[in-house]
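No value in this document is a laboratory result; all are computed from the given coordinates. These figures come from a predicted structure and were not determined experimentally. Because the Cβ atoms are built from the backbone with ideal geometry, glycine has one as well, and the counts that use them run over all protein chains shown.
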Amino acid sequence: MFLGDGLVILILHGTNRLAIDERVQHLRAEHDPAGITTTVVERAAEHLGELRSACLSPGFFGATRLVIARDLLVGGGGGRGRRTSADRVEALALLASVPETTVLIVAESEIKPADERELRSKVPGATIERHDVPRGRDLVEWVRTRARRYDATIEAETAAQLLEALFPTSWRAVARRDDVPPDLYRLDAEVAKLATAAGPSQEITRDLVGALVPDAEATNIWGLTDAIVAGDVAGAVREVERALATGTPAEMLLGQLASQFEVFAVLAAGQAQSAAALAAETGISEGRLRQASRTASRFPYERIARGLAALREIDVATKQGQAEAADLLVGTVARLAAGR
């Protein structure tokens, strides 16, 4: 069993975690639907011995073994970043020694061009696929294709309306710095919800998006989080003022922001754990954890603690009738963006 013409190693990387996960699921279902000869190694860079044993073990009854390794070459959701040079050399040597009786699928975060060239040189038999989150018109078409998967249709203008509601600051193009791609897990869930509401073979209309994604543009926490991460004080204040001006309750913004800082706290406390493990332990969706993990390094414990303390102060002051949440939120968000 090969994944192509003699393919033994497939390396998947890029910002599109949904596409990578679905590619892995498809290959797994196609080549080992019963899961009898499949081994999955999470945080593979930390478990090279386990990965080596899995690759060298024969499949049952002579079948080809399928091995899925996550985060072998680049640091994953745990936040450790790149591995040491010795670890990398050992990982490359392992890749070069995978026998033809094993098919190895490696799922990574984004691999830099120089590292990809090294991989092609050191492991010439590997196939490397890059999957990035589409933007702009490509993302609009992604939404339309996804709707058809759920037996619905959506016009380009309506798809753009949905994207503007969910990801107003990031869906059109890649940011020059501190880019946080749209969360395709969240987007897929919204499309599925809208398709179900529309009914079989029906169109997802602008009215339906407006009814089922109410004030999504105003309540979208990622735009505000992006500005805080980037240290963009003016941008963060603008996001809050825009949300308040469009009728979003200050208490809702406060709760969403506190929830996001709690996600950063989970990632900071669970640096040695994968996003999947943290999701199972905390109940936070894996997609949200992966999305937040891309900027979690900008939020050390001290910054998270200051942020949560400041948000709690607003909550206490509001509940005690000392001030209105809207009056305190703008200044607090400005301080959070400034890192104070």
With unit charges on the beta carbons (Lys and Arg positive, Asp and Glu negative) and the dipole taken about the Cα centre of the range 9-130, which residue among SER109, THR84, ILE68 sits farthest to the positive side? THR84
Express the Stokes-Einstein translational diffusion coefficient of the range 94-241 in µm² s⁻¹, to the nearest whole number, given a Kirkwood radius over alpha-carbon pairs, 25 °C and a viscosity of 0.890 mPa s. 137
Report, to the nearest 10°, how far helix 17-31 tilts away from the longest principal axis of the Cα atoms in the chain, using its own Cα long axis and a range of 0 to 90°. 30
Counting only backbone N atoms under 19 Å from a point 7 Å out along Cα-to-Cβ of GLU251, the residues of the range 316-331 in range are 316-330
In degrees, nearest 10, range 0 to 90: what is the angle between the Cα axis of helix 136-149 and the longest Cα principal axis of the chain? 70
Whole-Hz Karplus ³J(HN,Hα) for the range 249-260, in order, using 6.51 cos²θ - 1.76 cosθ + 1.60 and θ = phi - 60°, x for Gly and Pro? x, 4, 5, 5, 4, 4, x, 5, 5, 4, 4, 5
Starting from 0.36 nm per residue, how many nanometres of slack lie between GLN25 and TYR301 once their C-alpha separation is accounted for? 95.9 nm
Once amide H atoms are built 1.01 Å from N in the peptide plane, which residues 5 or more positions from ILE154, or in another chain, come under 5 Å H to H? ILE204
For every other residue with a beta carbon closer than 11 angstrom to the beta carbon of ALA198, add +1 if it is Lys or Arg and -1 if Asp or Glu, then tell me the sum. -2
SER85 versus VAL174, label points 7 Å from Cα toward the beta carbon: distance in nm? 2.8
Reported to two decimal places, what Rg/Rh ratio describes the range 101-165 when computed on Cα atoms with Rh from the Kirkwood expression? 1.19
Given all pairs of different Cα atoms, what value in angstroms does the Kirkwood hydrodynamic radius of the range 9-130 take? 14.5
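Can you say what percent of the DSSP beta bridges in the chain, counting only those with both residues inside, are antiparallel? Round to 5.
On the way: 0 of 22 bridges.
Within the chain, antiparallel bridges account for around 0 percent of the total.
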Shape call for the range 135-214, from the Cα gyration tensor axes a ≥ b ≥ c (a/c under 1.5 means rounded, otherwise prolate when a/b beats b/c, else oblate), comes out prolate
Which far-off residues, 5 or more places away or on another chain, put their amide H under 5 Å from the one on THR39, with H placed in the peptide plane? LEU66, VAL67, ILE68
Average projected area [Cα convex hull, the chain], square nanometres: 19.1
For a label point 7 Å along the Cα-to-beta-carbon line of ASP151, residues of the range 183-204 with backbone N under 15 Å: 192-204
Estimated 222 nm signal from helices in the chain, with DSSP H stretches of n ≥ 4 weighted -39500 (n - 2.57), rounded to 500: -17000 deg cm²/dmol
